[in-house]
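The values are calculated or read from the model by the stated rules, or taken from the named source; none is laboratory data. These figures come from a predicted structure and were not determined experimentally. Note that each Cβ is placed from the backbone with ideal geometry, even for glycine, and that neighbours are counted across all protein chains shown.
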């Protein structure tokens, strides 16, 4: 009985496939067996917001616009959010304080710091105003031009 080359090729591929499917422990990545489950600890100052679905669009009472604006289902995956609410203005104030404190460290003038006589540690003297114009050349290399900032 003779078989065509197509049948022979198909038969060989079938045999090789079946031979490669046997159960063995050679090379498969199975992970660590028998270990306990791990869950990420709650980050400090954060609140867990679980996965949820919301429906947006026209309400059931809005009969005339129900065909123009059909409801849309939006699903949001779980995430962590800071428990403290802040406004954009409060965040902007925080960023400005950080920029100012980094600039004071870069300038490193004693007038901009308070020195503890006992320990010798320095802390920022917020009562002393930083003259930005005096150090503009020193800061220029750290600031991107407006067109490259974003």
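Structure data summary
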{"quantity": "Residue list for the range 109-142, filter: in a loop (DSSP other than H, G, I, E, B), closer than 21 Å to residue 94 by Cα and modelled with pLDDT under 80", "calculated": "132, 142"}
{"quantity": "Yes/no for residue 5 being loosely packed, with under 10 Cβ neighbours inside 10 Å and at pLDDT 80 or above", "calculated": "yes"}
{"quantity": "Total residues in the range 13-51, condition modelled with pLDDT under 85 and surrounded by 10 or more Cβ atoms within 10 Å (Cβ to Cβ)", "calculated": "4"}
